[in-house]
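We did not get these values from a lab; they are worked out from the coordinates using the rules stated. Everything quoted here is computed from the prediction, not taken from an experiment. Backbone-built Cβ (ideal geometry, glycine too); neighbour counts: all protein chains shown.
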Amino acid sequence: MKLTLKIWRQKNAQDKGGIVEYPIDGIEPDMSFLEMLDVLNEQLINKGEEPVAFDHDCREGICGMCSLFINGEAHGPDRGVTTCQLHMRMFKDGDTIFIEPFRAKAFPVIKDLVVDRSSFDRIQHAGGFISVNTSGNTIDANTIPINKHDADKSFDAAACIGCGACVATCKNSSAMLFVAAKVSQYALLPQGKIEAVDRVLNMVHQMDHEGFGNCTNTGACEVECPKGISLENIARMNREYLSASLKG
Ligand code: SF4
Ligand code: FES
C-alpha cells in the first residue's frame, strides 16, 4: 500500500507544532497501525531525521498507552480496538491518513503524538482502590458471595484500560466515562462499599480539579471506547455521587 501520512509534529510542550506530510510505500494490509509507524520511523532514522514520538507498550490492547487520533477518531476507524490492534487493511491504497495526539486541556502534549495522561493517575490515587489488610491474614476474595449480575457488571467496568479515548472524543473533554468505570468497578462489590462515599467524592473532585469538562450526555465516549464501557456506568456514578453528597 502507498499512503500519505499527515502527522502532528511538536518538539516539546512549548513548541507550537504543526502537521508534516510523509509519503510512505510498501505497507502491508496485515501490518498493525503501530508497525506502519515503525516502518516510517526506521526510514526517518536512516535519513538522519527525528523519528515520530508515539506512546505504546503492550501492543495487545491491554495497557492503554497507544493514544492516537486517526482521521478524526480516537483509535481510528475500527470499533472495539485500540490503536495497536488497528490493522492497515482498514485503509485503502492511496489513502491520506491524519495522525494527531489526543487533545484535551488535561492531556497536554509532551512531544509529537505523546500526551501526558498523569491526570488519570491522580484521579485513581484519589480513590480508585480498596484498603485491605495484607499482613498475611487476607481472606480469599472468593469466600464473599457476590451476586452474578453485580460481579459481571463490575468486571465489565474493570475492563477500562485508562486509554483516554473517551476524553479525546468528547466535545467537552469530559472524563466521566473513565471515572464512572473506576467508581462502578468498586461500587458493585461488597469490598468497595466501605470506602464508597469518600471514593466517589474524592475522585469526582480530582476530575474537576484536573480541568476535564462536564458531561452533556452526547454518548460519543461510549462509541469510541475500545473496551465497550457503557454509559450506564455514568448513571451509576451520578447516583453514587448524589447519595454520597447527602451522607457527606
Ligand atoms: S472508558 Fe474506555 S475510552 Fe475511556 S479510558 Fe476507559 S477504556 Fe479508554
Ligand atoms: S500499546 Fe497497550 S493498549 Fe495499545
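One chain, two ends: I139 and S118. Fully extended at 0.36 nm per residue, the span grows by 4.3 nm beyond their Cα-Cα distance. Considering only A74, A244, F98, the residue lying farthest towards the positive end of the dipole of the chain is A244, judged by Cα position with unit charges set on Cβ. The amide H of I110, built 1.01 Å from its N in the peptide plane, has V115, D116 as neighbours under 5 Å, considering only residues 5 or more places off or on other chains. Computed on the Cα trace of the chain, the radius of gyration divided by the Kirkwood hydrodynamic radius gives Rg/Rh = 1.03.
The fraction of Cα-Cα pairs per 10 angstrom bin, counted from 0 for the stretch 1-65, comes to 18, 46, 32, 3 percent, rounded to whole percents. Computed from the C-alpha gyration tensor, the three semi-axes of the ellipsoid equivalent to the stretch 118-247 are 25, 16, 14 Å, from longest to shortest. Cross-link check: pairs K11/K227; K6/K111; K148/K193 evaluated at a Cα-Cα cut-off of 27 Å; pairs beyond the cut-off: K11/K227. Loop-located trypsin sites (Lys or Arg not before Pro) in the stretch 5-72 (DSSP state other than H, G, I, E, B) with a sparse environment of at most 16 neighbouring Cβ atoms within 10 Å: K11, K16, K47, R59.
So what's the net charge close to G228: Lys and Arg +1, Asp and Glu -1, counting the other residues with Cβ under 11 Å from its Cβ? Computed value for this residue: -1.
Give the calculated FRET efficiency between K105 and I130 to the nearest 0.05, with a Förster radius of 30 Å applied to their Cβ-Cβ distance. Once rounded, the FRET efficiency stands at 0.50.
In this structure, I194 and N217 have a Cβ-Cβ separation that, at R0 = 30 Å, corresponds to a calculated FRET efficiency of about 0.45. Short to long, the 5 Å bins of the Cα pair-distance histogram for the stretch 1-124 hold 2, 11, 20, 25, 21, 12, 5, 2, 0 percent of all pairs. A crude spin-label estimate for the pair T96 and N46, with each label 7 Å from Cα along the Cβ direction, gives 2.6 nm. First measure r as the distance between the Cβ atoms of K16 and N172, then evaluate 1/(1 + (r/R0)^6) with R0 = 25 Å and state the FRET efficiency to the nearest 0.05. According to the calculation, E is roughly 0.55.
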